[in-house]
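See below for the structure under consideration.
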Amino acid sequence: LGYNCAAVLCNGQVYLHMIDQPAASVGDAGNPKIFPEKNDTAICLAMTSEFLIFGTANGVIEFFSLSDWRILTGCEKRHDFGIQKLFPRQGGTRVIYQDTNGNGFLYNPVDSSITAITDITSDTKNVMWDSADPGVFVTFTKKKELETFIYAPLTIVGPTITKLGPVTIDKNGDI
């Protein structure tokens, strides 16, 4: 559910529609959409304020611009395995995804780069992005464990993601 759009995943398809339809829509803008448009099955979806992002069984990540009301073909990512989970940053400038093998990756749609997250667990339930530092994120597992990671896009060996360690929270809620 976004500010002015709603999306639902049902029977392998993503249904997207405007909540408050503009009075005078031009052309296709604002008309309900069903994805994927190709012969594929949607497995997961995520929404930011600007994008609907969905992953498919054939390993495709697609971005749909909510303001332009069209697929952004330049942001499409093809992966070797199906996309199981998506965790975008608020603006959609980075997306962590897990494939059907449980492997994790960070995708940058701006330059189409992929960085493997070697220490992410396959039971990751959610990812929380640090709002102050775009390279820091915390994963939350089904076992209720928190783990902190840092993304360094510029190093002498190329982009890296390093696990800083688990976050422990005591009974009082202190870290």
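The values are calculated or read from the model by the stated rules, or taken from the named source; none is laboratory data. Because the structure is a prediction, the values reported are computed rather than measured. Note: ideal-geometry Cβ built from the backbone for every residue, glycine included; neighbour counts use all protein chains shown. Side chains included, ligands, DNA and RNA excluded: accessible areas come from the protein's heavy atoms. Shrake-Rupley method; radii C 1.70, N 1.55, O 1.52, S 1.80 Å.
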Number of the exception - T118 against (1) surrounded by 13 or more Cβ atoms within 10 Å (Cβ to Cβ); (2) in contact (Cβ under 8 Å) with a residue 12 or more places away in the chain: (1)
Among the residues listed as G74, G59, the single one being over 12 Å from the mean Cα position of the chain (by Cα), on the phi > 0 side of the Ramachandran plot and either open to solvent by 30 Å² or more (accessible area, probe 1.4 Å) or free of Cβ contacts under 8 Å to residues at least 60 places away in the same chain (or both): G59
Matching residues, the range 62-71, being exposed (fewer than 14 other Cβ atoms within 10 Å of the Cβ) and not in a loop (DSSP other than H, G, I, E, B): R70
